[in-house]
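One structure is given below, encoded as C-alpha cells.
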Amino acid sequence: MRELAKKECIPCTGDVPALKGAALKRLQRQLIRKWQVVKGHHLEKEFKFKNFKQALAFVNRVGELAEEQNHHPDIYLAWGLVKITIWTHAVDGLTESDFVLAAKIEMLPLK
C-alpha cells in the first residue's frame, strides 16, 4: 500500500480503459484495509468514529487530500461514520489513480 500512496493521482481524460480482471485484483491486493471493489466499478469503504466531530475532522482531511490530488471521492458523513466511494467518472470505472487515492486516504490519521 505504501508504494501506491507514494504515487500521485493522474487526471484521466477518458483515453484509458477502466481496469478489469487481473489488473484490478492486483491493485486491490495492495490496499491493506479492505476496500471493496463493488461490481468492478468503484471502491468503497466505511470508517467508524467515536462521534460526529471525529468523523467530520476526517472528512475535512479527505477533502484537503482530494484537492491536493485533484481527484474527488464521494463522501457520506453521518454520526460516527464516513463512507468513501471512489471511481473515475471519465471512464465510468476504476483506474490506478482510484487505488492511489484510496491508499493515500489510508495514510490519514483517523483522530
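Each value in this text was obtained by applying a stated rule to the coordinates, not by laboratory testing. Being a predicted model, the structure only gives us computed values, none of them experimental. Every residue, glycine as well, gets a Cβ built from its backbone with ideal geometry; the counts of neighbours run over all protein chains shown.
Here are a few things to note about the model shown:
- Taking a sphere under 9 Å around the Cβ of A5 and counting the other residues whose Cβ falls inside, with K and R at +1 and D and E at -1, yields a net charge of +2.
- Spin-label proximity, K48 to the stretch 68-108 - amide N less than 13 Å from point 7 Å beyond Cα toward beta carbon: 80-82
- Using alpha-carbon coordinates, inclination of helix 52-69 to the longest axis of the chain, degrees: 30 degrees
- For H42, residues with placed amide H under 5 Å, excluding near neighbours: none
- Pairs spanning more than 26 Å between alpha-carbon atoms, out of K25/K104; K53/K83; K6/K34; K6/K50; K7/K83: K6/K50.
- With both residues required to sit in the chain, DSSP beta bridges show an antiparallel share near 100%.
- The GluC sites (Glu not before Pro) of the stretch 1-78 meeting both criteria, a DSSP state outside H, G, I, E and B (loop) and at most 14 other C-beta atoms within 10 angstrom of the site's C-beta, are E8.
- Amide H contacts under 5 Å for L81, placed H, 5+ residues apart: F49
- A straight chain from Q30 to D15 at 0.36 nm per residue would run longer than the Cα-Cα distance by 3.0 nm.
- Degrees separating the helix 96-106 axis from the principal Cα axis of the chain, which is the longest one: 20 degrees
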